[in-house]
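Heads up, the thing below is written out as structure tokens.
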Amino acid sequence: MSQEPSETRHSDPLHGVTLKAIVTELQAQYGWEELGRRIPINCFLSQPSINSSLKFLRKTPWARSKVEALYIETRSSCG
């Protein structure tokens with residue numbers, strides 16, 4: 001029974017992080033207005049909410065990728 005080094009197992013910075021946690025953290029960090037400026041998508045610009053954002057991002061891979069990239073960038077600059 002061999003164990004992988006923890007660096008190998010968790011090299012993905014999104015490992016174990018839900019989309020809801022990502023959106024919630026970004027919204028708390030930046031607010032809807034700044035999120036909409038950084039990633040100009042309607043779910044951040046027009047009557048934004050966590051639930052409407054999650055619904056849109058789950059159906060729209062290109063937008064989800066941008067949100068995940070901002071989350072990774074934010075985490076790496078804070079940590």
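Rule-based calculations on the coordinates, nothing more; no lab input. Here the structure is a predicted model, which means the values were calculated and not measured. Cβ coordinates were reconstructed from backbone atoms using ideal geometry, including for glycine residues, and neighbour counts include every protein chain displayed.
One table, with the values for the structure above:
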| read-out | value |
| --- | --- |
| Least to most buried among E33, E68, E25 (fewest other Cβ within 10 Å first) | E33, E25, E68 |
| Ranked I39, I22, criterion: other C-beta atoms within 10 Å, fewest first | I39, I22 |
| Selected from L14, L35, L26 as most flexible by GNM, with the chain as the system and alpha-carbon contacts under 10 Å | L14 |
| Among Q27, L54, P13 - extreme Cα towards positive end, dipole of the chain, charges at beta-carbon | L54 |
| Convex hull projection area averaged over all views, the stretch 30-79, Cα basis, nm² | 3.3 |
| Formal net charge of residues neighbouring R64 (Cβ-Cβ distance under 13 Å; K, R +1; D, E -1) | +4 |
| Student exercise, the chain dipole from Lys, Arg, Asp, Glu Cβ charges, in Debye to nearest 20 | 380 |
